[in-house]
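Report on the following structure.
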Amino acid sequence: MNEKRHLPAVDRVLGQLSELIEIHGRQLVTGCIRAELAAAREGLKHGLPLPEESTLLAAIQRRADAAGQANLRAVFNLTGTVLHTNLGRAQLAEEAIAAMVDAARAPCALEYDLASGGRGDRDDLVSGLLAELIAGGSPDIAATIVNNNAAAVLLTLNALAQGKEAVVSRGELVEIGGAFRIPDVMRRAQVKLHEIGTTNRTHAKDFQEAIGPKTALLMKIHTSNYAVTGFTAAVDEKIIAEIAHAANLPFVIDLGSGTLCDFAAHGLPAEPTPQQALAAGADIVTFSGDKLLGGPQAGLIVGRKDLIAKIKKNPLKRALRVGKTTLAALEATLRLYRDPDRLAERLPTLRLLTRPCAEIEATGQRLLTAVQSALEPLATVGIEACSSQIGSGALPVERLPSTALVVRPTAKKPGKTLLTVEASFRRLPTPVIGYIRDDAYHLDLRCLETQDEAHFLAQLAQLTF
Ligand SMILES: *Cc1c(COP(=O)(O)O)cnc(C)c1O
């Protein structure tokens, strides 16, 4: 007997799945039915029994639900790295989210001057705000915005130094996340890298001696993801600026991360700001929108108006510019910096970085029993001190004291259980991302804010091992 005949026809199955069609659409559901029927047919060929109709329908539903799920999904970032590049870096402030939604929903005056009715410039949406926040509203300071800080560096170099040389200390030839290496970016910008000094020490005379007819600019790169310690010497920014200006050259600083607020005032390790860079005499400063600034992915180029005008005229600018939703979020984020008193409350990045230890520990106390019972008898769970890091290359050696729920398998050889536990948290509807260290699975609770605890707890019942 040919068992194939017993598999239902596609149309008959479709007729039974009206609810699923309502959710996912007829086309997707039809595709899932075909795929499951094909799998069943294949099974029959290999001697498997004909699947029950209910089993078949459930498999189709699972397949459709999986296909219907967004690829970009929200997660719980319990990795202990607050600005996690692989998890999207900064969480935006509610004000920024609302601005993005408005910009996305209706036409907006992106490049339209509402006062004159003429054409506008999208950079003007934030240029004045940046001059206000970074340079006390100086009319000589302007800004232009591109896709990310890598783009900001590429564009700045190409616009100001194409076919010429940029002088950089050897100690600052950084690589960020593999794909961004200063020497490679220089090459792509068609700028010749003129390295000076040694890995650990660079002096003022190194800068002075490097300047020649081919020099286009002097550059300082913030060594964001590593620290040079021990017998070191770097040249003060003020001195590099003086040397540059004496030779009539611009001084460019790539800050990487760029907070506009005084971190030390918030009890955090001090981080250089664009304000300090410009005050020290930098002509251009570049930094990321989604690192310590706490905004959307963007690259901010701020500095001398004439140089910004030159950068904006470069054809690469058109290729690297940002869209309206990014500008909306950036403007809203920058506006929050006008009110420093409420910044730590409204800007999630700063709020998470400054979260009091006692509050994080209290979160642990509230969650402990539920996580413990979800993992019984596989593992025991305890509350332990841990340390979070800022991430995205900001302050790489600094750690912030935090609290973790620490899962220790009861088995003698914990390796396999750890991987099972880690994977099961990752499979939850809102995946939970922790980390394994010292034979234990850690959930750093710094980024689990009180308002999200209920959601975290509610899905524990769905853990499967
Ligand atoms: C992070 C960083 C970059 C790259 O910034 P993106 O916004 O990730 O493109 C460039 N330079 C420095 C010093 C950095 O820290």
* Residues whose placed amide H lies under 5 Å from that of LYS220, excluding near-sequence neighbours -> VAL252, ILE253, ASP254
* Rounded tilt (10° steps) of 149-161 against the dominant C-alpha axis of the chain -> 30
* Asked: For the residues TYR337, TYR441, TYR112, what sequence is obtained by ranking on other C-beta atoms within 10 Å, fewest first?
  -> TYR112, TYR337, TYR441
* Asked: When PHE180, PHE263 are ordered from fewest to most other Cβ atoms inside 10 Å of their Cβ, what list results?
  -> PHE180, PHE263
* Measuring from label point to label point, each 7 Å out along Cα→Cβ, what is the THR55 to ALA70 span in nm? -> 3.6
* Structure fact -> Sorting ALA9, ALA106, LEU307 by the position of each Cα along the dipole of the chain (Lys, Arg +1; Asp, Glu -1; all at Cβ), the one nearest the positive end of that ordering is ALA9
* Asked: Name the GluC sites (Glu not before Pro) in segment 62-138 that are in a loop by DSSP and that have at most 15 other C-beta atoms within 10 Å, would you?
  -> GLU111
* Counting only residues 5 or more places away or on other chains, whose amide H sits under 5 Å from the amide H of LYS192 once H atoms are built in the peptide plane? -> GLY163, LYS164, GLU165, ALA166
* Structure fact -> The Rg/Rh figure for the chain, Cα atoms and Kirkwood Rh, to two decimals is 1.07
* To do: Take every DSSP beta bridge whose two residues both sit in the chain, then give the antiparallel share in percent to the nearest 5.
  => 60
* **Relative contact order (%) - the chain, alpha-carbon pairs under 8 angstrom, separation at least six** => 19
* Structure fact -> Volume per residue (Å³) of the convex hull spanned by the alpha carbons of segment 94-346 is 133
* Could you size up the charge dipole of the chain around its Cα centre, putting +1 on the beta carbon of Lys and Arg and -1 on that of Asp and Glu, and report it in debye to the nearest 20? => 1460
* Cα extents of segment 263-414 along the three principal axes, largest first (Å) -> 67, 34, 27
* Structure fact -> With a Förster distance of 56 angstrom and the Cβ-Cβ distance between GLN372 and ALA246, calculated FRET efficiency to the nearest 0.05 equals 0.25
* Pairwise label distance in nanometres, ALA9 with ARG437, each label 7 Å out on the Cα-Cβ vector -> 6.2
* Rounded to two decimals, what ratio of Rg to Rh does segment 3-68 give with C-alpha atoms and a Kirkwood Rh? -> 0.96
* According to a simple spin-label model (label point 7 Å from Cα along Cα-to-Cβ), what is the distance in nm between GLU398 and ASP102? -> 3.3
* Descending principal axes extents, segment 335-465, alpha-carbon based, whole Å -> 54, 32, 24
* Asked: By counting other Cβ atoms within 10 Å of each Cβ, how are MET186, MET219, MET100 ranked from fewest to most?
  -> MET100, MET186, MET219
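Just so you know, all these numbers are worked out from the coordinates, no wet-lab data involved. Keep in mind that this is a model prediction, so the values were computed, not measured. Heads up, the Cβs are rebuilt from the backbone with ideal geometry, glycines too, and the neighbour counts pull from every protein chain shown.
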